[in-house]
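Please treat every number below as a calculation from the coordinates, not as lab data. It should be emphasised that the depicted structure is a prediction, and the values quoted were computed from it without experimental measurement. Neighbour counts are summed over all protein chains in view; Cβ atoms, including those assigned to glycine, are modelled from backbone coordinates with ideal geometry.
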Amino acid sequence: MDRSWEHRSACKGIDPVIFYPATDEDAETAKAVCAVCPVQVDCLEYAIANREHEGIWGGHTEKERQRIIRRRRRERAMKKAAQVNSSSVTAVADSASGDQPGVLSATATR
C-alpha cells in the first residue's frame, strides 16, 4: 500500500514511543498529535488495511480500529442483504403478476 502520505504527517520527527502507550488510557498524547494531522485518514486506512496490531494509527487504538473493522463488515453485510432482498421482492412480484421482468403488461398500461 502506498505510504507517500507519511512525509506530510504531524508525527514526523516526534518520538515514536508516544504512539505505543502502555494502555489505551495513556494514548491521549498521541491522539492529540493525530487530531491535527493532515493525513489522519490515510494513516488510519493504512493501519486497517495492514492489520496493524500495535500503537496509535490515525488517532485510534487497536481496540478502536477493531470496532471500525467490525462496523464496516456489518454495514457491508446489511447492504448485501438489502440488495438480495430487493432482488427477491422484484422476482416474486414479477412471477406473481405473470410478467417478465422489465416488460410492461397490457393491463399495467391501462
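Structural remarks
- Extension gain (nm, one decimal) between SER87 and ASP2, 0.36 nm per residue minus Cα-Cα: 26.9 nm
- Full-stretch length increase - ALA77, LYS63 - with 0.36 nm per residue and alpha-carbon distance subtracted: 2.9 nm
- With contacts taken as Cα pairs under 8 Å and at least 6 residues apart, the stretch 1-71 reaches a relative contact order of 32 percent.
- For the stretch 22-33, backbone phi angles converted through the Karplus equation (6.51, -1.76, 1.60; θ = phi - 60°) give residue-by-residue couplings of 5, 9, 4, 5, 8, 8, 4, 4, 5, 5, 5, 5 Hz, Gly and Pro being listed as x.
- Note on the stretch 4-91: lysine pairs with Cα distance below 26 Å, sequence gap of 8 or more or different chains, count 5.
- Distance in nm between pseudo-label sites at VAL41 and THR23 (7 Å out along the Cβ direction from Cα): 3.4
- Cβ-to-Cβ counts within 10 Å put GLU45, GLU75 in ascending order as GLU75, GLU45, the fewest first.
- Long-range Cα-Cα pairs in the stretch 4-91 (distance over 17 Å), rounded percent: 55
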